[in-house]
Amino acid sequence: MQGGNGGHVVNSGEGSVTGNFRWVQIVADANFSSITDETMENVADLQGFDHIAGTGFGGNITELTVASGTVIAYNQ
């Protein structure tokens, strides 16, 4: 279950956040200008388009920048 270790709400006003995140949940349609995950191949393919609210993705995310929308980045 997500959220057991806390998380961080990130929106375009805040922009960038760093940490050790296991799951990113899209709360309001979101577009990312940057996502860093050293263990995920082709992670840049998740940048530059709108992700629909209610969807999400997991990994070992250490940084993300939200260009638009709102997400919750859940801690590992």
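The values are calculated or read from the model by the stated rules, or taken from the named source; none is laboratory data. Here the structure is a predicted model, which is why all the values come from computation and not from measurement. Here Cβ is always computed from backbone atoms with ideal geometry, including for glycine, and neighbour counts include all displayed protein chains. We work out accessible area using only protein heavy atoms, side chains counted, and drop any ligands, DNA or RNA first. Shrake-Rupley method; radii C 1.70, N 1.55, O 1.52, S 1.80 Å.
Structure data summary
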{"read-out": "Conditions (1) surrounded by fewer than 16 Cβ atoms within 10 Å (Cβ to Cβ); (2) under 14 Å from Val71 (Cα atoms); number of the one not met by Val24", "value": "(1)"}
{"read-out": "Any hit, the range 55-76, residues being open to solvent by 60 Å² or more (accessible area, probe 1.4 Å) and modelled with pLDDT under 95", "value": "yes"}
{"read-out": "Members of the range 35-51 that are assigned to a loop (DSSP other than H, G, I, E, B) and surrounded by 10 or more Cβ atoms within 10 Å (Cβ to Cβ)", "value": "Asp37, Met40, Gln47, Gly48"}
{"read-out": "Filter result (polar (S, T, N, Q), farther than 21 Å from Gly4 by Cβ and either outside any strand (DSSP E or B) or in contact with a Gly (Cβ under 9 Å, 6 or more places away or on another chain) (or both)) within the range 22-34", "value": "Asn31, Ser33"}
{"read-out": "From Gly54, Gly4, residue being part of a loop (DSSP other than H, G, I, E, B) and in contact (Cβ under 8 Å) with a residue 12 or more places away in the chain", "value": "Gly54"}
{"read-out": "Filter result for Gly19 (closer than 11 Å to Asn75 by Cβ and either open to solvent by less than 30 Å² (accessible area, probe 1.4 Å) or in contact with a Leu (Cβ under 7 Å, 6 or more places away or on another chain) (or both))", "value": "yes"}
{"read-out": "Total residues in the range 1-16, condition over 16 Å from Gly59 (Cα atoms), aliphatic (A, V, I, L, M) and open to solvent by 50 Å² or more (accessible area, probe 1.4 Å)", "value": "1"}
